[in-house]
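For reference, the structure discussed in these notes is given below.
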Amino acid sequence: MGKPFKVELSELDKTYEWAMRQDVTPLSNFLRASLNDPVCFVGSGGSFSAATFAAYLHEQFTPQVAEAMTPLQFSARSELQSGGVLMMSAAGRNRDILSAFKHAIDSDTSHLAIACLDPGSTLTNLSRRIWVAESFSCRIPTGPDGFLATNSLLAFFVLTARSYHNAGLITSLLPGRAASLRKAAVWSEEKLANAVARQNVIILFGPHTRAAAVDLESKLSEAALASPQLVDFRNFAHGRHHWIAKHADDTGLVAFVSPDVKVLAYKTLGAVGKRIPIATVDLPDSPIYANIAALFAVFEATRIAGDLRGIDPGRPGVPEFGRRIYNLRPPSTARTMIGGNPTARLVARRKFGAATIQSLSLGCSVGKAAQLFAKSLCRPTYGAVLFDFDGTLCSNRERFSALSDDVASALEYLLRRNIKIGIATGRGKSVRRQVQQSLNSSLWEKVWIGYYNGCEVAQLADDAFPKVDIALNSSVAKLDKRLRADVLIAEFAEITTRPFQITLESKIPTVSSKELWRYASRIIQEADDMRVLFSMHSVDIVPNTVSKLSVLKQLRLLIPKGHEILCIGDLGQYPGNDFDLLTHEYSLSSDQLSPDLYSCWNLAPASFRGVQATLYYLRRMKVSCGEFRLELPQLR
């Protein structure tokens, strides 16, 4: 039957306080990662209102385009690699959102996240199978909503706003209690009742109140309380007003008025005059507060409309044909099982992008090149593996703790069978300590680490490395002075200088390492003997003579003649700090690629990135004593 709507309204304060206490780090991580990409926010029913609010915030506080979409709309998107996708669902079990999530996985979406209010849901469990997917999943204390999204919706709005604040994208904080926001929205209950008493309700909104307007339209329609028409103030002027001229007797109007459109709104409503009952909801300046405050007006308008019609919006009664419609299977667009063998088209699209391979002939030729490369990797006998570290063996979640059990076990398995292992990293002793913490000490002498992008190469067992107490390289010292004197760099970056490397780390969450690379490059251009690389966390500036390939040279001395070395990294696209490493003939990427047809391909399953892709490659090794061969599947 569902909860009575008035019971749900009585629990809003509890829900608000709960949402203010939750850890929103997974959602904030997704937002930071998506700063330089367009984002789709996907939801059905009430969750579509939450998706609309999230898309609004993203366009307000990042330089990117964002769109709220239903799962069916989203599933029609054919190429999604270069973007972010956040799925929002209270229960996480409806077929539409599950189908859309599988489509996102199949499309190899760059950044993927879910927000769900049931930790045991199918959606949550699916997200756990994709390691790079960020998953916010907490059980709301009020339990499932009734027929309409109410407490779950308020929770999503608050959690979303807090996520943008936690990501450093907005500075304003929400008040600690719901009452403060409820008071910020001003309306007349009598006028609201007169407006929603009519069969047809026009809902007017401005740029900052669309999400609340969308939700009112959803609630009036889903609970069969009225026939709503949703339109912004200016689109209303382009013919929509004509409805009032012909149907004034059965039409009311609700207008969400924020300060940015106040003059326009009241002039528009003044022109409509007394032809129909009009209710205004006046809202505060803050675009974040406005939509959340307006939700309380939406809930009140829904309650009033239900009382007037003798319908409980929380349990209006669902017809049998409605249940049949709800349980229909959406058209499936996903082509692979999670973790299934990648297609040649997917691998080709990763290499050159969707737009480049739209030409059938080019797409086929790149696909054939991918198949040939995969076969070429399976021919040699390998005696060693050389890994990048961050993003390849170590995820963001483990950056300063022990490696995951899966990774540590896979590395120890290789080492115990006398396979040599190298690690090339932009970091220093923190990596040594991390790997020592992860592997049995009896195996340390079999691991070689190239610190600071290959500046120094030493065994894992040698605690004397890296050496940071020696004099600075003369070129490094000269460039260090220039960087520290630069106003722009000083504003955006923390500078750490070591004997053969300068590292820049962003002080500002919205400034990515790629942006820092761009700022630093204008200074580096004048230093012929230095170059600048970026990782997911920092920018590294090193002498031209420094390369991760120095670890490759060391490993060659340790393996039998005729054996090869397999290189695995995640940032093969220039100026990523694995570009040199993945120019090697026998190289695989766990994420980004160079355009070279003869090296640096990503052959992992759809949406397997970073550590999960690396483990996929490791599990494709057929190991014997001192050597191994790759057994990669045939690309479909």
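Rule-based calculations on the coordinates, nothing more; no lab input. Because the structure is a prediction, the values reported are computed rather than measured. Positions of Cβ are backbone-derived with ideal geometry, glycine not excepted, and every protein chain shown enters the neighbour counts.
Rounded, prolate or oblate: which fits the stretch 536-608 when a ≥ b ≥ c are the square roots of the eigenvalues of the alpha-carbon gyration tensor, with rounded for a/c under 1.5 and prolate only if a/b beats b/c? Oblate, because a/c is 1.5 or more while a/b does not exceed b/c.
Pairs to check: LYS246/LYS274; LYS446/LYS553; LYS102/LYS514. Give those whose C-alpha atoms are more than 20 Å from each other in this structure. Write down the numbers at each step before the final one.
Details: LYS246/LYS274 15 Å; LYS446/LYS553 15 Å; LYS102/LYS514 30 Å.
Among LYS246/LYS274; LYS446/LYS553; LYS102/LYS514, the Cα-Cα distance tops 20 Å for LYS102/LYS514.
The fewest-to-most ranking of ASP406, ASP285 by surrounding Cβ atoms within 10 Å reads ASP285, ASP406.
Taking a straight Cα-Cα cut-off under 12 Å and skipping sequence neighbours fewer than 8 places away in the same chain, the aspartates and glutamates within cross-link reach of LYS467 are GLU456. Cα centroids of the stretch 309-334 and the stretch 496-555: 55 Å apart.
Ranking SER589, VAL468, ALA527 by Cα position along the charge dipole of the chain, where only Lys, Arg, Asp and Glu carry charges on their C-beta atoms, puts SER589 farthest toward the positive end.
As a rough guide to protection, the peptides 92-102, 502-512, 38-48 ranked by mean Cβ packing within 10 Å, highest first, stand as 38-48, 92-102, 502-512. Evaluated with a Cβ-only charge set (Lys, Arg +1; Asp, Glu -1), the chain carries a dipole of roughly 1100 debye about its Cα centre, given to the nearest 20. When only the Cβ of Lys, Arg, Asp and Glu is charged (+1, +1, -1, -1), the dipole of the stretch 474-543 relative to its Cα centre reaches about 40 debye. State whether the stretch 583-627 is rounded, prolate or oblate according to the following rule on the C-alpha gyration tensor (a ≥ b ≥ c being the square roots of its eigenvalues): a/c under 1.5 gives rounded; otherwise a/b larger than b/c gives prolate, and the remaining case gives oblate. Oblate. If you find the alpha carbon centre of the stretch 400-465 and of the stretch 235-301, how far apart are they in angstrom? Each part reduced to its Cα centre gives a spacing of 64 Å. Loop-located trypsin sites (Lys or Arg not before Pro) in the stretch 534-581 (DSSP state other than H, G, I, E, B) with a sparse environment of at most 13 neighbouring Cβ atoms within 10 Å: LYS561. Considering only beta bridges that DSSP places wholly inside the stretch 5-326, some 5 percent are antiparallel. From helices alone, the chain scores -12000 deg cm²/dmol at 222 nm; the rule is -39500 (n - 2.57) for each run of n ≥ 4 DSSP H residues, then divide by the residue total. For the chain, a/c is not less than 1.5, where a ≥ b ≥ c are the root eigenvalues of the C-alpha gyration tensor, and a/b tops b/c. That puts it in the prolate class. Normalising the average separation of contacting C-alpha pairs (under 8 angstrom, six or more residues apart) by the number of residues puts the relative contact order of the chain at 13 percent. Which of LYS420/LYS548; LYS14/LYS262; LYS561/LYS622; LYS219/LYS267 have a Cα-Cα distance over 23 Å? LYS14/LYS262; LYS219/LYS267, as the Cα separations exceed 23 Å there.
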